[in-house]
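The values are calculated or read from the model by the stated rules, or taken from the named source; none is laboratory data. Bear in mind the structure is a predicted one, so any value in this text is a computation, not a measurement. Cβ sites come from the backbone with ideal geometry, for glycine too, and all protein chains shown count toward neighbours. Surface areas here come from the heavy atoms of the whole protein model, side chains and all, with no ligands, DNA or RNA. Shrake-Rupley method; radii C 1.70, N 1.55, O 1.52, S 1.80 Å.
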Amino acid sequence: MKLILVVLGLASVALATQVRFDNFQVHRIIPTTESQVQALRELQENNVAYNFWSGVEGIEQPVDIMIPPHLINDFQDFLSLQQLTSEVFIDNVQDRIDNEKPKVQSRAFGWTDYYRLNDIYAWLDSIVAEFPNVVTPVVGGSSYEGRQIRGVRVSYSSANRNRTVFVEAGIHAREWITNAVSTYILNQLLRSSDSRIRAIAQYYDWYFFPSVNPDGYEYSHTTNRMWRKTRTPYGSCYGADPNRNWGYRWNTGGASTNPCSDTFAGPNPFSERSTSTLSQFFTGISSQTVAYISFHSYSQLLLIPYGHTTQNLDNYAELKQVGDRAAAALASRFGTRYTVGNIAATIYVATGGSMDWAKGTYGTRITYTYELRDQGRYGFVLPADQIIPTGQETLDSFVVIFEEFLGKL
Ligand SMILES: *[C@@H]1O[C@H](CO)[C@@H](O)[C@H](O)[C@H]1NC(C)=O
Ligand SMILES: [Zn+2]
C-alpha cells in the first residue's frame, strides 16, 4: 500500500514537471536518393522518440530532426548505414528554450514576450473595451479539455459584411510565433495610422482567432515546449494533428494513422472538438467570407492550396501572382526570403488541413498559409525579440494581399 502511494506520488510530480530538452540536438539532413527518403520516412513513422521538426519532402529537401541524447549514437549509426550526413543546427534545445523569453518579463501584454492563453484572452477583452464600436468578442468553438476558442471580429462598417477575412493562428501548439504575429497584426489594424493599413482595415470585416488549439498551446507552456497536437487521449498516446483532421480529402496522404505520431490524422475527420467546432463556426460565415489565412511556423513559405496534389487548381494563378508580390514586400523590410507555391509542390503532400478544407468546401477565394520565421536556426523556439520584426514584415505582405482586392469585392 505504501509503495503504491509512493508510486502515485511520483507520477503526479512527473505530470507537473516541465519536460526538459538538455542536450537534445536538431540535425538537418538532405537526402539525395529515393532510398534515403524512404529510410527517413520509416524512421519518422516507426520511432516517435525522434521528433521530426519538418516533414520528409523528398530528394534534396532538408529534413530537421530533434534527437534525444540517448539516441545520438543510434542516430549516427542510422546515418552511416544510409550513407547520409547531417548538419547540427541546434546542439542543445534546452539552451534555446532557456533563451527564448526575455530575462525581465513585463506584466503588460505586448510583443516582446510570449504569453499564456489567459493573457491573450484578457488582451482580447481589453481591445473590445477600448474599441466598442469596432471590436466584438466571438467564440469560434471549444476544445477537448473545455477551453473556448476565443477571437474577435473587427468591423468598421456593416457594408463590409460580405468581405469577411478569417485568420487563425496556433493550430500547431508549439508554433508560438504564430499566436504572437496574429495579435500583432490585429493590433496594427486597430491602431496604425499608416494610410495603406487603414485602407485595408476599413474595407474588410476581420475575424481573428489567435489560438485555435488552446489545450495544446497551454500544454506547450506548462509541460512540453515541443507539443504540436491536440490533447484528446487515444490509448496510451495523446492528441491528433489538428491540421490533418479537417474533412476535405482527409487522410489521403501525408498523415499518419498511428495515434502516437505527431501527424496522426485522428480516427475520423473532425474527431477533434476544436476542429469540428471551429469548422461549424466557419460554415456559418462561409457565404460572406472572401479570405482564409492560416499561420504556421517555421520555414518562410507562403503556401497556396492544395496539399493533396501538385496540380495548380482553382485560382492558383491569381494567388501565386499576388503571393509573389506579397513575398517581395515582406523581403523588402529586412531581407527575409519566402518561397511561394502549392503545398504539395513546395513542401510535401499533406491532407486534412484547414485552408484546403475552406477552399475545397466553400471555394473561399483568397487562401494562404504562412510558414513564418525562421529557416531552422531556432526553429519553433524563435526568440521573443523576433516577434516585432516578424510581425512587421508579415503585415507588409498582408497589406499587399488585401490591397489587391480593394474596391473589387
Ligand atoms: C451580403 O450578401 C447577401 C447574399 O448575397 C445579401 O443578401 C446581403 O444583402 C449582402 N450584405 C451586404 C451588407 O452587402
Ligand atoms: Zn504548423
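Filtered by the rule that a residue be touching a Gly at 6+ places or on another chain (Cβ under 6 Å) and among the aromatic types (Phe, Trp, Tyr), the stretch 208-241 gives Phe208, Phe209, Tyr217, Trp227. Scanning the stretch 249-273 for residues that are under 17 Å from Tyr348 (Cβ atoms), open to solvent by less than 50 Å² (accessible area, probe 1.4 Å) and of a type in the set (Ser, Thr, Tyr) yields Ser256, Ser261, Thr263.
Can you find, within the stretch 160-217, the residue that is nearest to Arg228 (Cα to Cα) among those that are among the polar types (S, T, N, Q) and under 10 Å from the mean Cα position of the chain (by Cα)? Only one residue tops the list, namely Asn213. Give me the residue from the stretch 49-86 that is of a type in the set (Val, Ile, Thr) and open to solvent by less than 80 Å² (accessible area, probe 1.4 Å) and, out of that set, farthest from His296 (Cα to Cα). The extreme case among them is Ile72.
Among the residues making up the stretch 310-323, those that are modelled with pLDDT of 95 or more and open to solvent by 70 Å² or more (accessible area, probe 1.4 Å) are Asp314, Ala317, Gln321.
Take Asp205 and decide whether it is touching a Ser or Thr at 6+ places or on another chain (Cβ under 9 Å) and within 16 Å of ligand 1 (Cβ to nearest atom). Spelling it out, Asp205 is indeed touching a Ser or Thr at 6+ places or on another chain (Cβ under 9 Å) and within 16 Å of ligand 1 (Cβ to nearest atom). Once the stretch 270-296 is narrowed to residues that are within 16 Å of ligand 2 (Cβ to nearest atom) and β-branched (Val, Ile, Thr), the residue that is farthest from the chain's Cα centre (by Cα) is Thr275. Are any residues in the stretch 330-375 farther than 25 Å from Ala265 by Cα and surrounded by fewer than 18 Cβ atoms within 10 Å (Cβ to Cβ), and if so, which ones? Within the stretch 330-375, Ala331, Ser332, Arg333, Phe334, Gly335, Arg337, Thr339, Arg365, Gln375 meet the criteria. Hey, any hits in the stretch 306-329 for a residue that's under 24 Å from Glu87 (Cα atoms) and within 17 Å of the chain's Cα centre (by Cα)? Among the residues of the stretch 306-329, not one is under 24 Å from Glu87 (Cα atoms) and within 17 Å of the chain's Cα centre (by Cα), which makes the answer no.
Just one residue in the set Arg337, Arg325 is farther than 23 Å from Phe208 by Cβ and assigned to a loop (DSSP other than H, G, I, E, B); that residue is Arg337.
Within the stretch 120-131, can one find any residue that is out of contact with any Asp or Glu (no Cβ under 9 Å at 6 or more places or on another chain), under 16 Å from Ala384 (Cα atoms), open to solvent by less than 20 Å² (accessible area, probe 1.4 Å) and part of a loop (DSSP other than H, G, I, E, B)? Looking for residues that are out of contact with any Asp or Glu (no Cβ under 9 Å at 6 or more places or on another chain), under 16 Å from Ala384 (Cα atoms), open to solvent by less than 20 Å² (accessible area, probe 1.4 Å) and part of a loop (DSSP other than H, G, I, E, B), one finds none in the stretch 120-131, hence no.
Return yes or no: is Asp64 in the same structural domain as Ala345 (by TED's automatic domain parsing) and of a type in the set (Asp, Glu)? Spelling it out, it is not the case that Asp64 is in the same structural domain as Ala345 (by TED's automatic domain parsing) and of a type in the set (Asp, Glu).
Give the residue that is nearest to ligand 2 (Cβ to nearest atom), with candidates limited to residues of the stretch 297-329 that are of a type in the set (Gly, Ala, Ser) and in contact with a strand residue (DSSP E or B) (Cβ under 6 Å, 6 or more places away or on another chain). Looking at residues that are of a type in the set (Gly, Ala, Ser) and in contact with a strand residue (DSSP E or B) (Cβ under 6 Å, 6 or more places away or on another chain), I get Ser297.
Just to be sure before I move on: is Phe89 modelled with pLDDT of 95 or more, over 22 Å from Arg225 (Cα atoms) and open to solvent by less than 40 Å² (accessible area, probe 1.4 Å) in the structure I sent? It is false that Phe89 is modelled with pLDDT of 95 or more, over 22 Å from Arg225 (Cα atoms) and open to solvent by less than 40 Å² (accessible area, probe 1.4 Å). From the list Asp314, Asp385, Asp356, the one residue that fits, being farther than 21 Å from Val165 by Cβ and of a type in the set (Asp, Glu), is Asp385.
If I filter the stretch 274-285 for residues that are of a type outside the set (D, E, K, R), in a loop (DSSP other than H, G, I, E, B) and open to solvent by less than 50 Å² (accessible area, probe 1.4 Å), do I get at least one hit? No, every residue in the stretch 274-285 fails to be of a type outside the set (D, E, K, R), in a loop (DSSP other than H, G, I, E, B) and open to solvent by less than 50 Å² (accessible area, probe 1.4 Å). Check whether at least one residue in the stretch 390-408 is closer than 28 Å to Arg225 by Cβ, assigned by TED's automatic domain parsing to the domain that holds Thr164 and within 16 Å of ligand 2 (Cβ to nearest atom), and report yes or no. Checked the stretch 390-408: at least one residue is closer than 28 Å to Arg225 by Cβ, assigned by TED's automatic domain parsing to the domain that holds Thr164 and within 16 Å of ligand 2 (Cβ to nearest atom).
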